[in-house]
1. What distance in nm separates the two pseudo spin-label positions at A:Lys37 and B:Ala123, each 7 Å out from Cα along the beta-carbon direction?
2. Using just the Cα positions, wrap segment A:21-152 in a convex hull and report its mean projected area in square nanometres, one decimal place.
3. Where Rh denotes the Kirkwood radius from the mean inverse Cα pair distance, what is Rg over Rh for the protein assembly as shown?
4. Within chain A, which is the longest segment that contains none of the GluC sites (Glu not before Pro) sitting in a DSSP loop with at most 11 other Cβ atoms within 10 Å?
5. Considering the options A:Leu66, B:Gln118, B:Gln28, tell which one lies farthest towards the positive end of the dipole of the protein assembly as shown, charges being +1 on Lys and Arg and -1 on Asp and Glu at the Cβ, about the Cα centre.
6. Connecting C-alpha atoms closer than 10 Å in a GNM of chain A, tell me which of A:Thr120, A:Thr95, A:Thr107 has the biggest fluctuation.
7. Would you grab the residues whose amide H sits under 5 Å from the one on A:Ile90? Only those 5+ places off in sequence or on another chain, please, with H modelled 1.01 Å from N.
8. Across peptide B:86-97, what mean number of C-beta atoms from other chains lies inside 10 Å of a residue's C-beta?
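Just so it is clear, none of the values below were taken in a lab; they were calculated from the coordinates. Quantities reported herein were computed from a predicted structural model and do not represent experimental measurements. Counting neighbours? That spans all protein chains shown, and the Cβs are built from the backbone with ideal geometry, glycine included.
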2 protein chains.
Amino acid sequence: MNESVPPEPSRPANDVTQHVGYLLKRAQAALRAAMDKVLREHGLTVPQYATLELLALHPGMSNADLARATFVTRQSGNVVLRGLQEAGLITRPATADHGRARPARLTEEGHTRLATVQATVHAVEQRMADALPPRRVTALLTDLERIATALED
Amino acid sequence: MNESVPPEPSRPANDVTQHVGYLLKRAQAALRAAMDKVLREHGLTVPQYATLELLALHPGMSNADLARATFVTRQSGNVVLRGLQEAGLITRPATADHGRARPARLTEEGHTRLATVQATVHAVEQRMADALPPRRVTALLTDLERIATALED
DNA sequence: TCGTTCATGTCAGCATTTTGACATGCTCGT
DNA sequence: ACGAGCATGTCAAAATGCTGACATGAACGA
């Protein structure tokens, strides 16, 4: 009938394990397991580590800010913050000066603990980078960013 | 002192949100949310959909097989299978013929339900593919595969 | 043949996360 | 000034997932 139309423009592979979504999940699960393993030795969970990194970059973030940035609910973010606070790695004012948001900040021990952990985490990232052609790393970053923004709407 | 050594060979960016791990998490979270949204209209969860896809590709997989393939524990995989069984989408023999493993298979309704859902899921994958330069899609697949295998040991 | 080892299915208990709801405090337009 | 809309923090309940443990069956070597 219509010969100008290519037969299958972008049909996904039959094998689900070759879909983008499945490989995304697989890579993320492997990374999560690797991170858990190295962070456990330092007494930190993955969300706790992510929170420390974010607070080092943007001091004064609120619980809601951090929850959004770590892809959890505010409630879950709150227990993470409480854990870090009990460990003496962050501080939050008992009362909010402006709104209801209480800005969190790293303590001195929080900074040093983060610096220690960063070495081992960077080793994990290095294992990923070493598995890829050097040029592909930056391309991968932009691709992942595009996928995320495209799906987030 | 040693001028032949490049100053910072592969230092990760200061901004955590530009790390491979963070973008991997972000993309996967966005995909998970998008999948949840479209699957909810068909009464399926993401693990349930993944199980149907795997059973369509490899009929007779056991609970332990499926659990490994969907990155959950055997216990969690069991509740997924039980849900699919109660929905009439899969069948499992009441007794194992060989070992303890009871091979699961799609029912007729399971096949048709999967075919229906696949259309909407493929639309989501299309949104991802459209956000990328066409050449990058296959490159992304191999990169994610390499990352996963590198971290899984 | 027998004992060790391993994988599977399943139970119970625990931890984590989410959903739903509510009160508080800012912001902005009227 | 004030009321609607919105964001934040927090509580309680439910759902979800995992850890630990155990019994069963197969595979393999001594």
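1. 4.1 nm
2. On the way: hull surface 36.6 nm².
Taking a quarter of the hull surface, the average projection is 9.2 nm².
3. Values: Rg = 22.2 Å, Rh = 21.7 Å.
So for the protein assembly as shown, dividing Rg by the Kirkwood Rh gives 1.02.
4. Values: sites that count: A:Glu3, A:Glu41.
Maximal segment without exposed cleavage sites: A:42-153.
5. Farthest towards the positive end: A:Leu66.
6. In this elastic network of chain A, the residue with the biggest mean-square fluctuation among A:Thr120, A:Thr95, A:Thr107 is A:Thr95.
7. A:Gln85, A:Thr107
8. Values: counts 0, 0, 0, 0, 0, 0, 0, 0, 0, 0, 0, 0.
Average neighbour count from other chains, rounded to a whole number: 0.
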